[in-house]
1. Report, by chain and number, residues whose modeled amide H sits under 5 Å from the one on Leu56, excluding near sequence neighbours (fewer than 5 apart, same chain).
2. Please turn the phi angles of region 50-60 into ³J(HN,Hα) values with the Karplus equation 6.51 cos²θ - 1.76 cosθ + 1.60 (θ = phi - 60°), one per residue in order, whole Hz, x for glycine and proline.
3. Listing Ser60, Ser37 from the residue with the fewest other Cβ atoms within 10 Å to the one with the most, what is the order?
4. Report the charge-dipole magnitude of the chain in Debye, nearest 20, computed about the Cα centre from +1 at each Lys and Arg Cβ and -1 at each Asp and Glu Cβ.
5. Using a 10 angstrom cutoff on alpha carbons, build the Gaussian network for the chain and name the most mobile of Val22, Val14, Val45.
6. Tell me the label-point distance for the pair Asn53, Arg7, using the 7 Å Cα-to-Cβ offset, in nm and rounded to one decimal.
Amino acid sequence: MPTASDREPRVVRVVPGGPVLVEGPVEIVTPDGECVSSDRFMVAVCACRRSRNYPLCDTSHRKKVRSTDDD
Ligand code: FES
């Protein structure tokens, strides 16, 4: 069994204004302790908290947020 030092570094890519892309498989532990598993090759973890499938990105970050300012 490979040790931590034998493995290649896992690539984590932060998408500006979007998710954090992590090479899978992963187990994500949410702030409330829920554990979500994904065995996808690349997993998009929501960083905006707008996903209806949190902690996984559902592309809701792409939707415009309605401004409440009176410009
Ligand atoms: S980063 Fe995509 S929905 Fe939050």
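Since every read-out is calculated from the coordinates, none of them should be taken as a lab result. These numbers come from a predicted model, not from an experiment. Cβ coordinates were reconstructed from backbone atoms using ideal geometry, including for glycine residues, and neighbour counts include every protein chain displayed.
1. Those lying under 5 Å, H to H, from Leu56 are Cys46.
2. 9, 5, 7, 10, 3, x, 8, 5, 10, 6, 4
3. Placing the least packed residue first, the sequence is Ser37, Ser60.
4. Values: 11 positive and 11 negative charges, 56 e Å.
It works out to roughly 260 debye.
5. Val14
6. The modelled label-to-label distance comes out at 2.4 nm.
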